[in-house]
Amino acid sequence: MKMTITSKKVQVGQTFTDYAQGKLSKKLDRFFGSDADAKLTISPIREQIIVELTVRHGSLIFRAESQSSEKNDALDSCIDKIIRQIRKNKTKVEKSLNAGAFSAGFGDADDADDVIEPDSNYAVDRTKRLMLTPMTIEEAILQMNLLGHTFFMFKNGETGEVNLIYKRDNGGYSLIEAGT
């Protein structure tokens with residue numbers, strides 16, 4: 001697994017880098033293999049450390065965030081959250097991950113460019129640039145749930161058009177198709 005560590009206003013030593021690489025390899029390689037990319041972002045807030053872990057494998061993105069007084073504890077918590085996401089969606093995700101990833105006995109955006117415009121009433125706090133990959137509606141719903149979002153924009157693999165899927169208050173989903 002290829003790993004990138006980004007730290008904001010905090011020192012990350014070689015000890016933590018080795019610890020993170022070892023933990024990611026030990027816990028997540030059986031699901032993703034060596035062709036996954038992991039992005040680790042570490043930033044302080046007050047006396048706490050926030051660790052964000054994003055793992056990309058093909059068109060799937062797994063993301064977890066944790067806060068703790070120690071970097072190692074926050075990283076461990078993030079890894080556990082991603083493993084729970086995988087377990088929760090095992091049957092849907094298994095097709096996209098390594099074929100033998102679940103044989104071990106389981107029971108069950110990064111591309112962001114931040115833009116700050118403080119003097120506007122309708123200020124855009126953050127802008128994200130997405131690489132839209134073709135996927136089915138079911139894959140888009142799965143990806144939205146894995147990210148923990150209430151909406152998800154994707155390129156419909158059947159029509160080739162940009163669509164938006166969102167979670168309704170009643171628990172269902174709605175699809176918005178772009179028209180010309």
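The values are calculated or read from the model by the stated rules, or taken from the named source; none is laboratory data. Treat the numbers as computed from the prediction; the structure is a model and nothing was measured. As a convention, Cβ positions derive from the backbone with ideal geometry for all residues, glycine included, and neighbour counts pool all protein chains shown. Note: areas computed on protein heavy atoms with side chains; ligands, DNA, RNA excluded. Shrake-Rupley method; radii C 1.70, N 1.55, O 1.52, S 1.80 Å.
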Identify, please: which residue in the range 9-25 is modelled with pLDDT of 90 or more and among the charged types (D, E, K, R) and is, among those, most open to solvent (accessible area, probe 1.4 Å)? Asp18
Mind checking which pairs have a first residue in the range 44-56 that is more than 10 Å from Ser7 (Cα to Cα) and a second that is among the acidic types (Asp, Glu) and outside any strand (DSSP E or B), Cβ under 8 Å, 6 or more apart or different chains? Ile49/Glu70; Thr54/Asp110; Arg56/Asp110
Determine which member of the set Ile61, Ile86, Ile49, Ile5 is modelled with pLDDT under 90, part of a strand (DSSP E or B) and in contact with a helix residue (DSSP H, G or I) (Cβ under 7 Å, 6 or more places away or on another chain). Ile61
Could you check the range 122-158 and list, in sequence order, the residues that are over 18 Å from the mean Cα position of the chain (by Cα), open to solvent by 80 Å² or more (accessible area, probe 1.4 Å) and at pLDDT below 90? Tyr122, Asp125
Extreme residue, most open to solvent (accessible area, probe 1.4 Å), among residues of the range 169-180 that are modelled with pLDDT of 90 or more and not aliphatic (A, V, I, L, M): Glu177
